[in-house]
1. Please determine, by comparing only the residues of segment 30-67 that are closer than 20 Å to F191 by Cα, among the small types (G, A, S) and assigned to a loop (DSSP other than H, G, I, E, B), which one is farthest from ligand 2 (Cβ to nearest atom).
2. Exactly one condition in (1) outside any helix (DSSP H, G or I); (2) surrounded by 24 or more Cβ atoms within 10 Å (Cβ to Cβ) is false for K243; which is it?
3. Being out of contact with any Ser or Thr (no Cβ under 9 Å at 6 or more places or on another chain), over 26 Å from N429 (Cα atoms) and touching a residue at least 40 places away in the same chain (Cβ under 8 Å) is true for just one of E246, E286, E275, E251. Which residue is that?
4. So, in segment 297-330, exactly how many residues are assigned to a loop (DSSP other than H, G, I, E, B) and among the hydrophobic types (A, V, I, L, M, F, W, C)?
5. Suppose we keep only residues that are within 20 Å of the chain's Cα centre (by Cα) and not in a strand (DSSP E or B) within segment 69-97. Which one would you say is modelled with the lowest pLDDT?
6. Name the residue, out of S78, S132, S65, that is touching an Asp or Glu at 6+ places or on another chain (Cβ under 9 Å) and farther than 20 Å from E275 by Cβ.
7. Does A115 count as of a type in the set (G, A, S), more than 23 Å from A236 (Cβ to Cβ), in contact (Cβ under 8 Å) with a residue 60 or more places away in the chain and more than 12 Å from ligand 2 (Cβ to nearest atom)?
8. Could you check segment 174-238 for helices (runs of 4 or more DSSP H) lying wholly inside it with 2 or more residues that are buried (at least 18 other Cβ atoms within 10 Å of the Cβ)?
Amino acid sequence: MAKKIKEHIKIDVELCTGCRRCSEVCPVDAIEGEQGKPQSINADKCVMCGQCVQICSAYDSPFESYVTSRSQRLEKRSMPAALKEPLFAAYHVGDFPKVKEVLAQQKKFSMVQCAPAVRVSLAEEFGMPLGSLAPGKMAAALRRLGFKRVYDTNFAADLTIMEESSELVKRITEGGPLPMFTSCCPAWVKFVENEYPELVDHLSSCKSPQQMAGTMFKTYGANVDGVDAENVYSVAIMPCTCKKFEAGRPEMKSSGYQDVDAVLTTRELAYLIKEASIDFNSLPEESFDQPLGMYSGAGNIFGVTGGVMEAAIRTAYEMVTKESLKDISVTSVRGGQDVRKVTFDTGTLKIKTVVASGLKNVVPILEDLKRGKADFHFMEVMTCPAGCISGGGQPKMLLPVDTPKAYQNRSASTYQHDEEQTYRKSHENPEIQEIYQKFLGEPLGHQSHKLLHTHYKPRKIKVSDEV
Ligand code: SF4
Ligand code: SF4
């Protein structure tokens, strides 16, 4: 019998009005039901992007009476009992209680990583303007919550670029399934596995930054602190609801331990900070811990559509030409249109690229590819409209008018933070260079292949509630 996988996105039928606004944003038509009646999610189609959670505006009114009490509802959603905000019909199930327990007991050595998109949105939960940049306060808050090591997903994004750029150049020069697709968006990966199983080999074999960071915590990071890997508890703070699904994938344990033990969304981290009565706005600016917390600007732009492509080009160009890239800001791949096609000419090699945001926009490209009509080498796909900054786990905009402003400001802060960094190319990050020297060997080498790569396969496993 096929192993069952946990479902992370649900609709509360008692609250759902059947407005079907969620079906308009669902990229895979997974929301089923008649207008005006409670909806359900087809779990086998759903890619767990959480866009339905972001758009849903039906909530538990204090003036109505329900069969399910608010406390029962909170428990079912694994959310804090003291949560004050409205509970919406479409929701994601949290990892809040298990992280809280680990932090309270302090029996495990906890290491946390934070995705790039979280530092440009978390402060919104504490009344700061949309898109406020707050990496220092975020690091300080995580330390006060009791995490023993506050590391950064951006570091692992740099690691991803080292591996992915090498894989791309190898596939182009030595022959490999082309075009190569990025594999850091788990909803996109699940979509390919579900709907285009014949194209699975086109996905890069690189794990996502979340999973690479988790692997490094349980190997190199455990060694730095002299703790047994089995005592390391690895937490990821993510803008994305599908990262919970990715963390639970059975193949994500090449160190011998599950790379990531729990994933909190940006909203869940805000609940944790509020529940601990930490005054976020008064926190000092603190740094991330070293060595797994140093990052380049390239690692930081993974949070926006076009960011992975831009970071990969910054490294792949220099890898191929052995010359310094003059224009570090590769603005031609940045947001603006749903699909961007750009060719980079390195002199010896022409790299034809495509950047697509939104799964509906990528379908015609995949259909062309199946008909043998796609003429490009590398494609970045992010499921959410503006990339991870607009992910399903990000602060929810209660007024629709704020949504475009939030995306615009979060994107601007992401690029600002890139420009603030001493190093803006992944291969120039000194901690990355040292880790390859001391531990990983070379990109695509034996150790990095074992720990940082994985395989994807056509998905026969069905999603179920029963885990
Ligand atoms: S889940 Fe929310 S958005 Fe979707 S139909 Fe129900 S009330 Fe409307
Ligand atoms: S999580 Fe995403 S894919 Fe799943 S039902 Fe909601 S919008 Fe659709």
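1. Taking the candidates together, the pick is A43.
2. Result: K243 passes all but (1).
3. Values: E246 fails: out of contact with any Ser or Thr (no Cβ under 9 Å at 6 or more places or on another chain); E286 fails: over 26 Å from N429 (Cα atoms); E251 fails: out of contact with any Ser or Thr (no Cβ under 9 Å at 6 or more places or on another chain).
Selected residue: E275, the only one of E246, E286, E275, E251 that is out of contact with any Ser or Thr (no Cβ under 9 Å at 6 or more places or on another chain), over 26 Å from N429 (Cα atoms) and touching a residue at least 40 places away in the same chain (Cβ under 8 Å).
4. Just the residues of segment 297-330 that are assigned to a loop (DSSP other than H, G, I, E, B), to begin with: 304-306, 322-330.
Still in the running and among the hydrophobic types (A, V, I, L, M, F, W, C): 304, 325, 328, 330.
Final tally of qualifying residues: 4.
5. This residue is F96.
6. Working: S78 fails: farther than 20 Å from E275 by Cβ; S65 fails: touching an Asp or Glu at 6+ places or on another chain (Cβ under 9 Å).
After applying the criteria, what remains is S132.
7. Values: of a type in the set (G, A, S): yes; more than 23 Å from A236 (Cβ to Cβ): no; in contact (Cβ under 8 Å) with a residue 60 or more places away in the chain: yes; more than 12 Å from ligand 2 (Cβ to nearest atom): yes.
In short, no.
8. Details: elements: 186-195, 209-216, 222-225.
Correct list: 186-195, 209-216.
The values are calculated or read from the model by the stated rules, or taken from the named source; none is laboratory data. Please read these numbers as outputs of a predicted model, since none were measured by experiment. Because the Cβ atoms are built from the backbone with ideal geometry, glycine has one as well, and the counts that use them run over all protein chains shown.
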